[in-house]
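The values are calculated or read from the model by the stated rules, or taken from the named source; none is laboratory data. Keep in mind the model is a prediction, meaning the values are calculated, not measured. Here the Cβ is made from the backbone with ideal geometry for all residues, glycine too, and neighbour counts use every protein chain on show. Just so you know, the surface numbers come from the protein's heavy atoms only, side chains and all, with ligands and any DNA or RNA stripped out. Shrake-Rupley method; radii C 1.70, N 1.55, O 1.52, S 1.80 Å.
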Amino acid sequence: MVGLVPYASLDSNNPLNVAIKATPFGLWLSIIMNLGGIAGLTTVGMMVMLSQTRIFYAMAHDGLLPKIFARVHRRWITPWIATLICGIFCAFFSGFCPVDILGETTSI
């Protein structure tokens, strides 16, 4: 990246985007990179939500949480109440928090 732009201009929130925009492919390549970042944050958030419902299920099965979290759907055999609770919480949290905070929490 230092070979593309002066190092002083890389002192930003997204240095890779600054370096890519200095190339002849800057316009379309930066769009693809940004879309990839959005897709990455989305999939990480979905996997965190899926794993959290399974953790709630195991904790409720062991008696550490109320038994409602251990309820399994008849047809799909998944912990559906834990999935609803986690989904509502994640939708509320992602609706009111800035994207940089969401990115930091999914990268923990």
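Which of G63, G36, G45 moves most in a GNM of the chain, Cα contacts under 10 Å?
Among G63, G36, G45, the largest GNM mean-square fluctuation belongs to G63.
Measuring from label point to label point, each 7 Å out along Cα→Cβ, what is the I68 to R54 span in nm?
Using points 7 Å along Cα→Cβ, the separation is 2.5 nm.
For helix 26-61, what angle does its Cα long axis make with the longest principal axis of the chain, in degrees from 0 to 90 and rounded to 10?
20
Relative to the longest principal axis of the C-alpha atoms of the chain, give the angle of the C-alpha long axis of helix 80-96, reported between 0 and 90° and rounded to the nearest 10°.
30
Using the beta-carbon distance between K21 and E104 and R0 = 25 Å, what value does 1/(1 + (r/R0)^6) give for FRET efficiency, to the nearest 0.05?
Working: r = 24 Å, r/R0 = 0.96.
Efficiency computed from Cβ-Cβ geometry: 0.55.
Can you give the charge dipole size of segment 7-106 about its Cα centre, rounded to the nearest 20 debye, using +1 on the beta carbon of Lys and Arg and -1 on the beta carbon of Asp and Glu?
On the way: 6 positive and 4 negative charges, 124 e Å.
Computed charge dipole of segment 7-106: roughly 600 debye.
Would you mind checking segment 27-61 for residues with the amide N under 15 Å from a putative spin-label position 7 Å along Cα→C-beta of F92?
Once the point is set 7 Å along Cα→Cβ of F92, nothing inside segment 27-61 turns out to lie under 15 Å by backbone N.
Share of the chain's accessible area from carbon and sulfur, percent, 1.4 Å? Numbers along the way, then the final one.
Details: 5840 of 8180 Å².
The C+S portion of the solvent-accessible surface of the chain is 71 percent.
Along the charge dipole of the chain, which of L84, C97, L4 sits closest to the positive end, that is, farthest toward it, with unit charges on the beta carbon of Lys, Arg, Asp and Glu (+1, +1, -1, -1)?
Positive-most Cα among the choices belongs to L84.
Counting heavy atoms of the protein chains only and a 1.4 Å probe, report the per residue accessible area for the chain as a whole number of Å².
Working: 8180 Å² over 108 residues.
It amounts to 76 Å² per residue over the chain.
Could you identify which residue out of I77, I38, I85 has the top mean-square fluctuation in a GNM of the chain using Cα springs shorter than 10 Å?
Judging by the Gaussian network model, the answer is I77.
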